1. Got a sec? Which of Val113, Val107 is surrounded by 15 or more Cβ atoms within 10 Å (Cβ to Cβ) and in contact with a Leu (Cβ under 9 Å, 6 or more places away or on another chain)?
2. Somewhere in segment 302-313, is a residue touching a residue at least 24 places away in the same chain (Cβ under 8 Å), farther than 27 Å from Ile371 by Cβ and surrounded by fewer than 20 Cβ atoms within 10 Å (Cβ to Cβ)?
3. With respect to Thr272, is the statement that it is in contact with a strand residue (DSSP E or B) (Cβ under 6 Å, 6 or more places away or on another chain), more than 23 Å from Val113 (Cβ to Cβ) and in the same structural domain as Pro385 (by TED's automatic domain parsing) true?
4. Conditions: (1) touching a helix residue (DSSP H, G or I) at 6+ places or on another chain (Cβ under 8 Å); (2) outside the structural domain of Pro75 (by TED's automatic domain parsing); (3) of a type outside the set (A, V, I, L, M, F, W, C). Ser241 meets all but one. Number of the miss?
5. Within the group Leu391, Leu363, which residue is in contact with an Asp or Glu (Cβ under 8 Å, 6 or more places away or on another chain), surrounded by fewer than 19 Cβ atoms within 10 Å (Cβ to Cβ) and not basic (Lys, Arg)?
6. Which residues, counting only those in segment 331-351, are among the small types (Gly, Ala, Ser) and closer than 17 Å to Ser293 by Cβ?
Amino acid sequence: MNSKRAVIIGYDAISPLGLELEEQWRKALLGQSGIGPLTRFAVNADFPVKFAGQAPDIDHLPYDFLKAREQARWPSPIYKYALLTVRRAMDKIGLQITPDLAPRVAVTYSTAVGGMDVLLAADRNMRSKGALPLPCVNPNSCINMVGGKISMLTGATGPITSTITACATGATSMIIGAMLLAQDQADMVLCGAVDFALVAPIVAGFATMNGAYVPKEGEPLHDPGAASRPFSIDRRGFVISEGAACIVLASEAFARAHGLAHAVAIKGWSMTSDAHHFVAPNFDTVRRCIRESIERAGIPPAAVDAVNAHAASTRLGDKVEFDALHSVFGPDLPPVCANKSLLGHAMGASSAIESILACKAMLEEVLPPTINHRPDPEIPIDCVPEGRRGLGQQYVLKNAFGFGGCNACIVFERLR
């Protein structure tokens, strides 16, 4: 036993597939899409984006942080969704963060986009009505406040940091958490990410930079569920979605000492920077991130049973990811799941949600499908397009790549 290695002791998620984790997992195995019409704000005929992955409402749930007075101070949805996933994950674990444990509990739960929705709303109000911002505006837009609110909710007083790496934020939060455990700076870490980027100027901005899915000119709108098409020859960009996920890590010694169930460990990881382009991925550094995560796990590439891909559904990104995987694995590339075909792209929260789905797949020995796939001759890949597939998995590689050239890869190990 490696007493300092990071094991997963609990998790919870909310995504366009549903409010409860088991509901989301069931839909993923059935290949059901969570993508639908964009209704978060009014969309006219000229607005380029019509589809999105919207998370279910949670205001009806009986939690103190969802009460009207509390919501008035924290109107950005990132706070209530982050707090709910943490509360539910901790409830499932059954461990109370007591004052004696609190100094050794860290928080790396983060967000990529943050609470800019509140700042934008305040700006519009100033321009239209001349009204000064409410006192809550600046705290809502502080991107580190998600971790701060989580520490207040749980009582955790250990190290706290925001691991902002764009679309890789969720994976990076786990890597930094594992580093804190390895350096004996914490015994338990509340990791994860939340993002609610369905805000008009943000969505429109993704469209104008040719990132978000927009149908081909003159082509009728497809069914929303068919819009996200990772690795497919007709992929046309990512579908913007929302979500939150909490992954609780602990040192193996702490988990054993407190009788906490743990069936998955972080076996290896890597982070690299492209130093290349603000959005276009770089083959060399993506490949190195994949290779290093496997090397640090101490296993050969052939031992990896499956890959949970970043696979945002962009023309260039999917091709670079495939090329990097093929370079590392050669002709023996294992099955590659692309969960964004079902979920859309929840920005920094994606890799956290997808990591939970990867853990579920390991423990239940089954892979969810990649839907909407039409083979691309330049990407000869087994992405499980036929439907769920039974597969025993001891090691799974999770890829996450973010704007600014932020790459994060994790090898998960099933312990039993």
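The values are calculated or read from the model by the stated rules, or taken from the named source; none is laboratory data. Computed from a predicted model, the values in this text were never measured in an experiment. Note that each Cβ is placed from the backbone with ideal geometry, even for glycine, and that neighbours are counted across all protein chains shown.
1. Details: Val113 fails: in contact with a Leu (Cβ under 9 Å, 6 or more places away or on another chain).
Step by step, each of Val113, Val107 is checked, and only Val107 is surrounded by 15 or more Cβ atoms within 10 Å (Cβ to Cβ) and in contact with a Leu (Cβ under 9 Å, 6 or more places away or on another chain).
2. yes
3. Numbers: in contact with a strand residue (DSSP E or B) (Cβ under 6 Å, 6 or more places away or on another chain): yes; more than 23 Å from Val113 (Cβ to Cβ): no; in the same structural domain as Pro385 (by TED's automatic domain parsing): yes.
Spelling it out, it is not the case that Thr272 is in contact with a strand residue (DSSP E or B) (Cβ under 6 Å, 6 or more places away or on another chain), more than 23 Å from Val113 (Cβ to Cβ) and in the same structural domain as Pro385 (by TED's automatic domain parsing).
4. Only one criterion is unmet by Ser241, namely (2).
5. Sole residue among the options that is in contact with an Asp or Glu (Cβ under 8 Å, 6 or more places away or on another chain), surrounded by fewer than 19 Cβ atoms within 10 Å (Cβ to Cβ) and not basic (Lys, Arg): Leu391.
6. Once the filter is applied, which keeps residues that are among the small types (Gly, Ala, Ser) and closer than 17 Å to Ser293 by Cβ, segment 331-351 yields only Ser351.
Results for (1) more than 30 Å from Val86 (Cα to Cα); (2) part of a loop (DSSP other than H, G, I, E, B); (3) under 18 Å from the mean Cα position of the chain (by Cα); (4) of a type outside the set (Asp, Glu), shown as yes or no for each residue.
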| site | (1), (2), (3), (4) |
| --- | --- |
| Thr169 | no, no, yes, yes |
| Val189 | no, no, yes, yes |
| Val194 | no, no, yes, yes |
| Ala204 | yes, no, no, yes |
| His222 | yes, yes, no, yes |
| Gly225 | no, no, no, yes |
| Ser232 | yes, yes, no, yes |
| His277 | yes, yes, no, yes |
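Residue-wise test of (1) small (Gly, Ala, Ser); (2) farther than 26 Å from Ala226 by Cβ; (3) without any contact (Cβ under 8 Å) to a residue 60 or more places away in the chain; (4) not in a loop (DSSP other than H, G, I, E, B).
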{"site": "Arg40", "(1), (2), (3), (4)": "no, no, no, no"}
{"site": "Phe47", "(1), (2), (3), (4)": "no, no, no, no"}
{"site": "Phe65", "(1), (2), (3), (4)": "no, yes, no, yes"}
{"site": "Thr85", "(1), (2), (3), (4)": "no, yes, no, yes"}
{"site": "Ala89", "(1), (2), (3), (4)": "yes, yes, no, yes"}
